[in-house]
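See structure below.
Values in this text are rule-based calculations from the coordinates and carry no lab data. Quantities reported herein were computed from a predicted structural model and do not represent experimental measurements. Glycine also receives a Cβ, built like all others from the backbone with ideal geometry; neighbour counts cover every protein chain displayed.
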Amino acid sequence: MIIGVVEHDRDKISDLSLQMLTLGNLLAEQLSVPLHALLIGEAGAALARTLGSSGVSVVHIAKNDRLDEYAPQAWAQCVVELVSTTSPEIVLAAGTDRGHEVMAHVAARTDLPLATNCTQVQPGESFEVTRLRWGGSLLEEAQLSGAVKLLTVAPHAIAAQEVPVAAEPGVDMFSPGLADDDFRVRVAGRIEPDRSKISLGDAKVVVGGGRGVGSAEGFEILEEIASMLGGTVGCSRAVTSLGWRPHSDQVGQTGTRIAPDVYIACGISGAIQHMVGCKSAKCLVAINKDPEAPIVAQADYAIIGDLKQVLPALRDAIRNAQNGS
């Protein structure tokens with residue numbers, strides 16, 4: 001058996017969890033074992049039947065009144081108890097902040113091996129795994145042994161796919177034994193983002209700005225271009241450090257990892273931490289006055305020039321194209 005720990009929030013399954021389940025289904029076919037899923041909190045019950053399209057045959061739902069919001073140690077205990085009663089060969093989670101945190105707690109509580117940010121997994125007596133290291137700048141090939149293998153799947157390493165013939169999965173409700181200490185860390189409240197804007201994680205077009213934009217006011221034309229293209233604006237860490245944009249706009253290793261159809265990077269040098277965040281973009285367009293900037297070497301297209309000249313020309317060209325002139 002393989003168990004996938006599925007993240008959900010506000011009646012929606014995480015896209016990265018669906019990617020994780022795609023790898024889980026592939027491994028289940030290779031090992032000729034069933035794929036199960038774990039949803040934590042009774043709110044997940046309404047989502048259970050949708051997981052059949054990912055190849056899940058049974059959905060385990062951990063129910064407890066205090067599991068309505070995320071609590072990493074409580075989530076980990078739910079995984080530990082399910083592992084103890086079902087004895088799976090593999091436990092998978094998405095390579096998100098939550099996925100890494102929960103699986104680290106699970107590994108510590110069970111003394112089982114954990115491989116994070118995996119892009120490929122080859123089963124065998126010892127599993128051969130390929131995983132991202134050093135912020136995505138290095139691929140490591142390693143072997144993973146243990147009675148149960150714990151893995152997290154690197155974001156956007158595997159495209160989510162539905163199975164050709166989906167059957168509605170069975171549902172198993174269980175009540176984990178949780179102590180007060182399991183809720184020492186928990187989500188106590190939320191600050192809602194501006195829902196009127198397209199989120200960085202969902203945007204098909206992202207226009208990013210770096211220190212080269214020059215000021216907070218310099219982002220006005222980036223906002224204009226992004227709006228014309230139906231996208232949103234991102235930025236580099238340097239910009240958030242200068243206070244020009246909020247951290248929620250940051251693209252990078254310590255910000256949001258994006259996978260748009262087009263990423264237009266304006267005045268961004270291309271530090272490795274930033275490139276980790278945009279490496280899944282299908283097309284990268286770099287606009288920079290420095291032809292030797294690291295981002296230029298990794299771009300699909302590069303425009304070498306002054307942003308003050310290039311961006312107005314780009315805006316006008318987009319407007320003319322949209323007006324048919």
Can you tell me the order of 287-293, 75-81 when each peptide is scored by its average per-residue count of other Cβ atoms within 10 angstrom, highest first?
75-81, 287-293
Would you please put 246-253, 232-239, 35-42 in order of how densely packed they are, using the mean number of other Cβ atoms within 10 angstrom per residue and starting with the highest?
232-239, 35-42, 246-253
Relative contact order for the stretch 2-183 using alpha-carbon pairs under 8 Å, separation at least 6, rounded to a whole percent?
29 percent
Restricting the stretch 117-172 to GluC sites (Glu not before Pro) in coil, as DSSP defines it, with at most 11 other Cβ within 10 Å:
Glu125
What is the Cα centroid distance between the stretch 232-252 and the stretch 1-45, reported in whole angstrom?
32 Å
Inter-label distance for Ala166 and Met228, nm, one decimal - labels placed 7 Å from Cα along Cα-to-Cβ
3.9 nm
Taking 0.36 nm per residue of separation between Lys204 and Arg66 and subtracting their Cα-Cα distance, the length gained on full extension comes to 46.1 nm
Per the 1/(1 + (r/R0)^6) rule, R0 = 35 Å and r from the Cβ atoms of Asp111 and Lys282, FRET efficiency to 0.05 is 0.30
Can you tell me the 0 to 90 degree angle between the C-alpha axis of helix 307-323 and the longest principal axis of the chain, rounded to 10?
80 degrees
Tell me, what is the FRET efficiency for Ala216 and Lys289 to the nearest 0.05, using R0 = 30 angstrom and their Cβ-Cβ distance as r?
0.90
Taking +1 at the Cβ of each Lys and Arg and -1 at the Cβ of each Asp and Glu, which of Val296, Ala37, Ser175 sits farthest along the dipole of the chain towards its positive end, judged by Cα position relative to the Cα centre?
Val296
So between Ala188 and Ala45, what do we pick up on full extension, going 0.36 nm a residue minus the alpha carbon distance?
49.2 nm
Between the stretch 64-104 and the stretch 134-166, what is the C-alpha centre distance in whole Å?
17 Å
Between (i) 6, 26, 34, 25, 8, 1; (ii) 6, 24, 28, 22, 14, 5, 0; (iii) 5, 22, 24, 19, 13, 8, 5, 3, 1, 0, which matches P(r) over Cα pairs in 10 Å bins from 0, in percent calculated for the structure shown?
(ii)
What trypsin sites (Lys or Arg not before Pro) in the stretch 102-159 are in a loop by DSSP, with at most 11 other Cβ atoms within 10 Å of the Cβ?
none
Charged-residue dipole, Cβ positions (Lys, Arg, Asp, Glu), the stretch 205-323 about Cα centre, Debye nearest 20:
240 debye
Taking square-rooted eigenvalues a ≥ b ≥ c of the alpha carbon gyration tensor, is the stretch 205-323 rounded, prolate or oblate, where a/c under 1.5 means rounded and, failing that, a/b exceeding b/c means prolate?
rounded
The stretch 275-320: relative contact order as a whole-number percent, Cα under 8 Å and 6+ apart
34 percent
Acute angle (nearest 10 degrees) that the helix 15-31 long axis makes with the longest principal axis of the chain, alpha-carbon atoms:
50 degrees
Could you tell me how many degrees, from 0 to 90 and to the nearest 10, lie between the Cα long axis of helix 97-110 and the main elongation axis, the longest principal axis, of the Cα atoms of the chain?
30 degrees
The stretch 205-323: relative contact order from alpha carbon pairs under 8 Å, six or more residues apart, as a whole percent, is 24 percent
